[in-house]
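Here is the structure we will look at, set down as structure tokens.
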Amino acid sequence: MSGAFSRGSRSPGESRLPVHATVWDDRPNSDGSGSRWPVVLVHGILTWGTDPRYGFAAQRPLAARRRLLLMDRRGYGRSPDIARSDWAVDAEDIVELLGTGAHLVGHAYGGVGALAATVRRPDLVRSLTLIQPGALRPAARHPVVAEALARARAATAALPPDLTPADFLRGATESVGMETPEATPERLRAAATTMAELPCWDAEIDLGPLARAAFPQLLVSGDWEGAPEPYRTYAGLPLIACAEEIAAATGAAHLVVPGHYPHTQQPERVNAALEHLWEAADQG
């Protein structure tokens with residue numbers, strides 16, 4: 001069974017806006033009930049929930065055992081356009097989607113929103129998985145991360161005002177040696193939203209509540225071997241350091257898999273780790 005629904009969410013000073021979530025539930029004869037908690041998955045930049053390139057399309061097999069809610073963050077996928085969003089607004093929407101409780105998975109920018117949502121409402125989170133989260137501030141004392149933060153701040157300040165979504169999409173990929181995705185309307189809309197978002201790497205999030213949390217937590221990283229060298233240097237090494245710091249500070253497990261997009265390049269290994277985490281949390 002697949003479908004969609006929208007939950008209302010509100011940030012200070014904004015009108016009520018729907019946030020779209022694609023629902024996957026392939027359990028035989030499922031009516032949406034059962035003992036297993038559902039899962040909310042939150043995507044990163046330049047993408048949307050069901051996107052096979054950067055999103056969670058490869059996690060569809062997990063719907064054979066539980067209900068998955070693939071969130072489209074504001075301005076992405078089938079969620080409405082907005083002038084500007086950020087990880088704190090995402091956190092409000094994530095809390096709405098958690099309902100009375102769910103497992104939570106966040107990738108990259110979506111991982112920062114997932115962190116913030118968990119700190120805000122830990123009582124609603126049954127387990128937390130962060131796939132290469134983009135919050136670099138917790139590891140800011142690491143030399144590689146400090147250099148990445150300085151570079152990111154300078155690059156953001158230097159963006160030309162007349163930059164188009166197509167230019168941004170091309171620059172964000174070609175500049176680090178990656179292939180540029182096809183400039184479909186969906187991808188260009190995602191690029192336009194990414195351009196307008198408040199950068200997540202400077203998010204200041206207190207990890208204390210996560211260190212005290214009783215639910216299981218997992219960090220997932222790629223090893224970045226084989227990635228284009230600029231991409232590995234400018235993105236991979238800082239993300240690995242960040243994941244190591246968050247795992248050490250919170251007591252989370254840290255899974256490292258080959259490649260640089262764990263959930264799309266190594267879906268069987270990541271899906272197995274997710275299912276193991278969820279089952280252990282549900283039984284605990």
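The values are calculated or read from the model by the stated rules, or taken from the named source; none is laboratory data. Because the structure is a prediction, the values reported are computed rather than measured. Here the Cβ positions follow ideal geometry from the backbone for every residue, glycine too, while neighbour counts run over all protein chains shown. Just the protein is used for accessible areas: all its heavy atoms, side chains included, with ligands, DNA and RNA removed. Shrake-Rupley method; radii C 1.70, N 1.55, O 1.52, S 1.80 Å.
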For this session: Calculate, for the chain, the solvent-accessible area per residue in square angstrom, rolling a 1.4 angstrom probe over the heavy atoms of the protein chains.
Result: 43 Å²
Problem set entry | Label point distance in nm, R141-D282, each placed 7 Å from Cα along Cα→Cβ | 4.0 nm
For this session: Between beta-carbons, use under 15 Å as the cut-off and find the net charge around W201, counting Lys and Arg +1, Asp and Glu -1.
Result: -3
Problem set entry | 20 °C / 1.002 mPa s Stokes-Einstein diffusion coefficient of the chain, Kirkwood radius on C-alpha pairs, µm²/s | 114 µm²/s
For this session: Pull up all non-local amide H partners of V256: gap of 5 or more, or a different chain, and H-to-H distance under 5 Å with H placed in the peptide plane.
Result: S221
Exercise. Within the accessible area of the chain, what % is carbon and sulfur when the probe is 1.4 Å and the other protein chains stay in place?
Worked result: 54 percent
Problem set entry | Neighbourhood net charge (14 Å Cβ-Cβ; Lys/Arg +1, Asp/Glu -1) for W224 | -3
Problem set entry | Dipole magnitude of the chain, debye to nearest 20 (Cβ charges: Lys/Arg +1, Asp/Glu -1, about Cα centre) | 520 debye
Exercise. When only DSSP loop residues count, what trypsin sites (Lys or Arg not before Pro) in region 107-202 have their Cβ near at most 13 other Cβ atoms within 10 Å?
Worked result: R141
Exercise. Counting only Cα, what are the radius of gyration and maximum Cα-Cα distance Dmax of region 98-149, in Å?
Worked result: 12.7, 41
Problem set entry | Within region 136-284: Cβ-based charge dipole about Cα centre, in debye rounded to nearest 20 (Lys, Arg +1; Asp, Glu -1) | 320 debye
For this session: Compare the Cα positions of I82, G226, G177 along the charge dipole of the chain (+1 at Cβ of Lys, Arg; -1 at Cβ of Asp, Glu; about the Cα centre) and return the one farthest towards the positive end.
Result: I82
Exercise. If you place +1 on the Cβ of every Lys and Arg and -1 on the Cβ of every Asp and Glu, how big does the dipole about the Cα centre of region 203-284 come out, in debye to the nearest 20?
Worked result: 40 debye
Seminar exercise, completed: Shape call for region 144-263, from the Cα gyration tensor axes a ≥ b ≥ c (a/c under 1.5 means rounded, otherwise prolate when a/b beats b/c, else oblate), comes out prolate
For this session: Starting from the Cα-Cα distance between R78 and D206, subtract it from 0.36 nm times their residue separation and give me the gain in nm to one decimal.
Result: 43.0 nm
For this session: Compare the Cα positions of T100, G55, H263 along the charge dipole of the chain (+1 at Cβ of Lys, Arg; -1 at Cβ of Asp, Glu; about the Cα centre) and return the one farthest towards the positive end.
Result: T100
For this session: Provide the descending list of Cα extents for region 74-205 along its principal axes, expressed in whole angstroms.
Result: 43, 39, 25
Exercise. In deg cm²/dmol, rounded to 500, what helix-only [θ] at 222 nm does the chain give when every DSSP H run of at least 4 residues adds -39500 (n - 2.57) and the total is split over its residues?
Worked result: -11000 deg cm²/dmol
